[in-house]
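One structure below.
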Amino acid sequence: MANPGIDPMHDAGAKMDAADLAFRTSDLSKVYGEGPTAVHALRGVNLEIPLGEVVVLLGPSGSGKSTLLNILGGIDKATSGRAFFQHEELTAMNDRQLTAYRRRHVGFVFQFYNLMPSLTALENVDLVAEIAPNPMPSIEALDLVGLKDRATHFPSELSGGEQQRVAIARAIAKNPTILFCDEPTGALDSKTGVGVLKALQDVNSRLGATTHAAATAAMADRVIHFADGQIREVTENREKVSPDEISW
């Protein structure tokens, strides 16, 4: 039985106003390698993602989710097709322009925290804040994820969930337009994972950033279903659940 809180919305549906879009892609493809051993990670992806939404990418390993995130995040380049961030064409940018785009607009949160063990939580956040053009104070970023009182602690003195929240604070300290989260709760137990999802939800509501998270779909505004390098379906949640209601 279909979930009554989810409204199927296929890629061929009505177009959105470009001014309201964070991203759009046209026939976006990515091929690794050449000849008979070539891997087609993306196969002509057409997609529109509004500003300010929590968006979840779902699909099996190797379906193209991370490849799409990497291209939209300015880490990787497409083989063909076009990708736009608002009115800027990412697929037309050179390496220097992509670096500037990441610095100005993009925050990344990964499954593994990648914190510097010799630096405190505050100093780890400072690493990003110092190179951003318009950062928020690092202590404010920690406060957004509920860790202001742990600012002087080193990673070894923090729990796994606290370390992940420091990683989120580090990502949001640059005041990003977009926050990419690749399996941010993958290494956490359910109780700790709920805390991290709450932090992401709070960041999204306070900053108004568009968040792309390969995480739990029920709390998202929009869910993109991937398979074999293509989008199979896009659905919208009419009634989102809170992180507390999510079970692993």
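Values in this text are rule-based calculations from the coordinates and carry no lab data. None of the values given here were measured: they were computed from a predicted structure.
Over the alpha-carbon set of the stretch 23-73, work out the extent along each principal axis and list the three values in angstrom, largest first.
Principal-axis extents of the stretch 23-73 (Cα, largest first): 41, 22, 15 Å.
What residues qualify as long-range amide H neighbours of V54, i.e. H under 5 Å apart, gap of 5 or more or another chain, H built at 1.01 Å from N?
T211, D221, R222
Enumerate the calculated ³J(HN,Hα) couplings along the stretch 41-56 in order (Karplus 6.51 cos²θ - 1.76 cosθ + 1.60, θ = phi - 60°), each rounded to whole Hz, writing x wherever the residue is Gly or Pro.
For the stretch 41-56, the Karplus curve yields 6, 10, 10, x, 7, 10, 8, 10, 10, x, 5, x, 9, 8, 10, 10 Hz.
Over all directions, how big on average is the projection of the convex hull of the alpha-carbon atoms in the stretch 41-103, in square nanometres? Let's see the in-between values first.
Working: hull surface 18.8 nm².
In nm², the orientation-averaged hull projection of the stretch 41-103 is 4.7.
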